[in-house]
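Take a look at the structure set out below.
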């Protein structure tokens, strides 16, 4: 019981820290820890992780709002279009065997971590550019990309933080800090509905969610305050390496116990 409590607290703190610092979905931290150390079913772990994402993103959003680095309208537009994808993804995701879902999610998490770490080690800063096709069909791409974010959130469990960040910087032309603030606001709603649909399909521990959620609030609040004070590349190296290890661990455990 004590070990389980510690994992929930560590998962929540880690989720809050990474969400507040770089707008990364809490699922990248929480789901692997629950699967690896507590033996959670992948679908249940994703549902609880998304619930934790709500607390982490809500806490971070408050800080970014106070710093005037957040825009409500783009966030709500993305959420509105993402709802359809969330419903479909959550519904069909419950049909996939746990071992396959663990492998798929683990691989996805590993790739995200690798890309973050690579940018950090190479000290390479990417600035998405708006292609002429995007500019011409801006509304269509916002709709399609938002639906894709919702589908991934419901199906694979990602709150879509990095994808929302890319959308805001490339299509809405937001600066990095405002993009992070707006993305975590959108993640709050996307993660809430995704977690709700997961819970309706297969319930998860509300006590565990509360413990992880409270820890995520503290992590998100303090991490958001320091987000602009840390070196971007050092942050990417650390976060990317940890996330990659967690993703690989999730895949290996699923394969070994297949």
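Quick notes on this structure:
- Residue 156 being over 15 Å from the mean Cα position of the chain (by Cα) and either farther than 14 Å from residue 71 by Cα or modelled with pLDDT of 70 or more (or both): no
- In this structure, residue 3 does not qualify as under 24 Å from residue 110 (Cβ atoms) and either at pLDDT 90 or above or surrounded by fewer than 24 Cβ atoms within 10 Å (Cβ to Cβ) (or both).
- Only one of the listed residues (74, 32) is under 16 Å from the mean Cα position of the chain (by Cα), at pLDDT 75 or above and either in a helix (DSSP H, G or I) or on the phi < 0 side of the Ramachandran plot (or both). That residue is 32.
- Test: residue in the stretch 25-32 that is touching a residue at least 40 places away in the same chain (Cβ under 8 Å) and surrounded by fewer than 24 Cβ atoms within 10 Å (Cβ to Cβ): no
- Scanning the stretch 188-211 for residues that are within 22 Å of residue 164 (Cβ to Cβ) and buried (at least 17 other Cβ atoms within 10 Å of the Cβ) yields a count of 10.
- Yes/no for residue 44 being buried (at least 18 other Cβ atoms within 10 Å of the Cβ) and more than 26 Å from residue 224 (Cβ to Cβ): yes
The values are calculated or read from the model by the stated rules, or taken from the named source; none is laboratory data. Everything numeric here is computed off the predicted structure, so don't read it as measured data. Methodologically, a virtual Cβ is constructed for each residue, glycine included, from the backbone with ideal geometry; neighbour enumeration extends over all protein chains shown.
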